[in-house]
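The values are calculated or read from the model by the stated rules, or taken from the named source; none is laboratory data. Treat the numbers as computed from the prediction; the structure is a model and nothing was measured. A quick note on method: Cβ atoms are made from the backbone with ideal geometry, for glycine too, and the neighbour counts reach across all protein chains shown. The protein model used for the area step is the full one, side chains on, heavy atoms only, and it has no ligands, DNA or RNA in it. Shrake-Rupley method; radii C 1.70, N 1.55, O 1.52, S 1.80 Å.
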Amino acid sequence: MSEATTHDARRVTVRAPAKINLHLGVGAPRPDGFHPLATVYQAVGLYDDVTVSTWDEWSVQVRYEGLLADPSATGRPADRGVEHTVPLGEDNIAVRAGRALLAHHGIVDVAAAITIHKSIPVAGGMAGGSADAAATLVALDRLWDLDTPDDDLLALAATLGSDVPFSLLGGTAGGTGRGELVEPLADAGSWWWVVVGNDTGLSTPEVYRTFDEMSDVTSLSEPELPPELLDALARGDVHALAEHLANDLQDPALALRPDLQATFDDGYDAGALECLLSGSGPSVLLLCADADHARSVTAAMHEAGHGRAVAVPAPVSGVHVVSYDGPVG
Ligand code: ATP
């Protein structure tokens, strides 16, 4: 490791994308409570940027950007869902990522100041926390010249959360196990989605609990990656993709949040090819034919009162360094 002090001027900024699930197949819970998944991830052009510098203790700051820029203006109902807050202390998954990286290398007595520029909806089913964890792993690895092998980063990522390995990888990938076993998939498309954020987050564990209550878990088969969807991706066929999108958590999320049905209805009225819940929700995804279509669907959603609708391309790369400010001289 290079010599680093609290006065080291170096700062590294790493960008990490949000994820969506084009397919989210959920199996019966295992004895440890985790649900086996077969999922198709896609990284979309909505990003958190994580900047790190060496400091004498762990600290986290969050700056809300883009559509999240003024969280107090959301008018969110306080009586349902989870709070739209990101913990600033040791509970922040970025700090857990930093500590895990140091433990992996057996390094003590070093810490970092972490600033998260957050554009990914919080508790929105788009793996914003996982993106921050993945970005922090790579940012600190570069800051401290640790040269952690990719396989070790992926293994560390999997200990932090099921979606963290995919945040490292990006693109389009299959996820099995709890979603942490990722393999890149052939994807010939240049896809456009409209992401419709929601002012009130949904708790992922609560959605899974509702899934268990609503399913006959004894009859659930082992989830598998759907060949028709993989074929649509490999051919870049947007209409076939629209036909084969699926999310087993959509019905439980809608049971918890019936108000989301109106977003789906507005999405179809706006001309989306298909509407899909993002992960465990509450963000809703509208599949569009191309960039022009995405622009017109976004405008229609804004007109229908969904001010948080934003058009994003996919697939995009996983975590990547966007700036590296070395010491001067
Ligand atoms: P999940 O990964 O559980 O599917 P999600 O994608 O819906 O979650 P996240 O934005 O990752 O949502 O937030 C999940 C919870 O994790 C939040 O309620 C928040 O309290 C906590 N959290 C911890 N660290 C972070 C972080 N850096 N960014 C966002 N949330 C964080």
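The table for this structure:
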| item | result |
| --- | --- |
| Assigned charges on the beta-carbon of Lys, Arg, Asp, Glu; the chain dipole about Cα centre (debye) | 520 debye |
| Heavy-atom accessible area per residue - the chain, 1.4 Å, Å² | 42 Å² |
| Potential extension, residue 243-residue 269 segment - 0.36 nm per residue separation minus Cα distance | 7.6 nm |
| Tensor-based shape of the stretch 80-176 (alpha-carbon gyration tensor, a/c under 1.5 rounded, otherwise prolate or oblate) | oblate |
| Anisotropy class of the stretch 171-310 from Cα gyration tensor, a/c 1.5 cut | oblate |
| Helix 150-160 vs. the chain, principal-axis angle (Cα, 0 to 90°, nearest 10) | 70 degrees |
| Cα gyration tensor shape of the stretch 195-253, rounded if a/c is under 1.5, else prolate or oblate by comparing a/b with b/c | oblate |
| Descending Cα extents along the principal axes, the chain, whole Å | 57, 44, 42 |
| Solvent exposure ordering (accessible area, 1.4 Å, most first) of 322, 122, 14 | 322, 122, 14 |
| Amide N of the stretch 11-30 lying under 14 Å from the label point, which is placed 7 angstrom from the Cα of residue 317 along Cα→Cβ | 13-17 |
| Computed label-point distance, nm, for sites residue 108 and residue 234 using a 7 Å Cα→Cβ extension | 5.2 nm |
| 5 angstrom amide H check on residue 322, placed H, neighbours 5+ away | 13, 14, 15 |
| Additional length obtainable on full extension of the chain from residue 61 to residue 85, 0.36 nm per residue less Cα span | 7.4 nm |
| Angle in degrees between helix 204-214 and the longest Cα principal axis of the chain, rounded to the nearest 10 | 30 degrees |
| Among 260, 61, 184 - extreme Cα towards positive end, dipole of the chain, charges at beta-carbon | 61 |
| Inter-label distance, nm, simple model (7 Å from Cα along the C-beta direction), residue 147/residue 324 | 1.3 nm |
| 99, 295, ranked by accessible area, largest first (probe 1.4 Å) | 295, 99 |
| Residue 216-residue 292 FRET efficiency (beta carbon distance; Förster radius 45 Å; 0.05 resolution) | 0.55 |
| Length added when fully stretched, residue 99-residue 30, from 0.36 nm per residue minus Cα-Cα | 22.0 nm |
| Portion, in percent, of the accessible area of the stretch 150-293 that falls on carbon or sulfur, probe 1.4 Å | 48 percent |
